[in-house]
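Undergrad: Next up is a structure, given as structure tokens.
What follows draws every value from the coordinates through simple rules; no lab data is involved. Please read all numbers here as calculations on a predicted model, not as lab measurements. Cβ sites come from the backbone with ideal geometry, for glycine too, and all protein chains shown count toward neighbours.
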């Protein structure tokens, strides 16, 4: 396929991975992205003092993220084990008192959705099966009410907003059932980050890919014919141009893809799937302190049912950065989803001290704050949310349509990954899949 001209829309992990694989296969690749940097929702912030950094976007890598781990190995990127005790849940019980537990929320949810879990397994986990599609029409909160789940379970479900980026009233019960079927609590797996920052993977892909990168170029329209694809873009100077290729790999999130004019139009069912896919409201706040906020603590990550969402030690692990627990600067990350996203953003706008004052139960209320960085993914024009999730209005039978080829347009992105939607591994896996499909077609 030497000389085949391929345009890749989007320079996030999905687009960079697809471009890397296509260039290796001999294609002449052009990568387009509206942002001024490559990496998309993988964004490492490096303007903290003491040489520290933290992740504004995608952060955690798990042992079964095989595609992502293989890429890290290819580029000799070392991983750092973090949050060895997983996440501890803190929620207010029906009696008004706060409770701490590492496992109670997911154990209680497992009991609450047991009937649905049986139906899901009998259907073989097939998202197109009638039983699976029927349960998907129920929100998590609706199912908990219908099944007369204890009040404590309904309260605990709010502590999941930092994972699903949606309220129990917004998210379908199906993703909870699927998570339990695949291994239970996502809070008790092994977590890793890339030493030196996750953006090192994006940088490595750019360096290894002999492609033309046009950053600061917004995709406005796509025209596809039997023998070519034409993409209309506007650069940061306001100039509009058309770029022609033989094929297009589109990796933009559905939240922005649905605003791009595509002619001829995509099939009705595919357009509907793209239009209906929701994205979680997400605010991520990074607070640096000149003290070690988590020094000498066994538990370094918590999921709460209030506006703080989930929070954790976001500092580079000690064995990578300093080598000892010496009380020097540290960073704490807060991630709030759903209705908690706006309150967290508002609290952060008044300074990191207000956030730390809410952690008096951890002894952090008097810790000095040296820097605050607020990442509002909901208002980000090129993301419009943290990542995709399934609500009761999204038919799970539509999932394959998100990544289905349409003529000379191939689709990728975390939202198209049926197994890893919402994960960095979903972006990598989908980029590899789209590249394989295109390369096979051109042989």
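Undergrad: In nm², what is the average projected area of the convex hull enclosing the Cα atoms of the range 1-78?
TA: Hull-based average projected area comes out at 6.5 nm².
Undergrad: If neighbour count is taken as other Cβ atoms inside 10 Å, put 304, 240, 17 in order from fewest to most.
TA: Going from least to most buried by this count: 240, 304, 17.
Undergrad: Report the dimensions of the range 224-287 along its three principal axes from the alpha-carbon atoms, largest first, rounded to Å.
TA: Taking the Cα atoms of the range 224-287, the three principal extents are 50, 36, 17 Å.
Undergrad: Hey, how much of the P(r) for the range 103-177 falls beyond 13 Å, as a percent of Cα pairs?
TA: 63
Undergrad: Considering the Cα positions of the range 158-210, please state its Rg to one decimal place and its Dmax as a whole number of Å.
TA: Expressed in Å, the Cα Rg and Dmax of the range 158-210 come to 16.5, 46.
Undergrad: Right, next: Report, in degrees rounded to the nearest 10, the 0 to 90 angle that the Cα long axis of helix 424-442 makes with the longest principal axis of the chain.
TA: The angle comes out at about 10 degrees.
Undergrad: Which of 35, 92 has the fewest other C-beta atoms within 10 Å, and how do the rest follow up to the most?
TA: 92, 35
Undergrad: Sticking with this structure for a sec: Report the Cα-based extents of the chain along its three principal axes, largest first, to the nearest Å.
TA: That works out to 66, 53, 37 Å along the principal axes.
Undergrad: What's the center-to-center distance, using Cα atoms, between the range 396-437 and the range 354-377 in Å?
TA: The two parts, judged by their Cα centres, are 37 Å apart.
Undergrad: Given contacts defined as C-alpha pairs under 8 Å and at least six residues apart, what's the relative contact order of the chain, whole-number percent?
TA: 24
Undergrad: Let me ask something else about it. Using the C-alpha atoms of the range 317-428, what convex hull volume per residue, in cubic angstrom, is computed?
TA: 178
Undergrad: Also, quick follow-up: So, how do all the Cα-to-Cα distances of the range 1-159 break down into 5 Å bins, in percent, from 0 on up?
TA: It works out to 1, 7, 10, 11, 11, 12, 13, 13, 10, 6, 3, 1, 0, 0, in whole percents.
Undergrad: Any chance you could give the angle, 0 to 90 degrees and rounded to 10, that helix 199-208 forms with the longest Cα principal axis of the chain?
TA: In the chain, helix 199-208 runs at an angle near 20 degrees to the longest axis.
Undergrad: Using only the Cα atoms of the range 270-377, what semi-axes does the equivalent ellipsoid have when each is the square root of 5 times a gyration tensor eigenvalue? Give whole Å, largest first.
TA: Taking √(5λ) for each eigenvalue gives 29, 16, 12 Å, largest first.
Undergrad: So for the range 205-249, Kirkwood radius off the Cα pairs, Stokes-Einstein at 10 °C and 1.306 mPa s: how many µm² s⁻¹?
TA: Calculated translational D: 136 µm²/s.
Undergrad: Right, something else. Over the range 148-279, what number does the Rg to Rh ratio reach, with both radii from the alpha-carbon atoms and Rh per Kirkwood?
TA: Value, to two decimals: 1.08.
Undergrad: Further question: Quickly estimate the mean residue ellipticity at 222 nm for the chain, helices only: each DSSP H run with n ≥ 4 gives -39500 (n - 2.57), and the total goes over all residues, rounded to 500.
TA: Estimated from H runs of four or more residues: -8000 deg cm²/dmol.
Undergrad: Fewest Cβ neighbours within 10 Å first, please rank 121, 276 accordingly.
TA: 121, 276
Undergrad: Classify the range 55-115 as rounded, prolate or oblate, taking a ≥ b ≥ c as the square roots of the eigenvalues of its Cα gyration tensor: rounded when a/c is under 1.5, otherwise prolate if a/b is larger than b/c and oblate if not.
TA: prolate
Undergrad: Under Stokes-Einstein, with the Kirkwood radius over Cα pairs standing in for Rh, what whole-number D in µm²/s applies to the range 222-333 at 37 °C and 0.692 mPa s?
TA: 174
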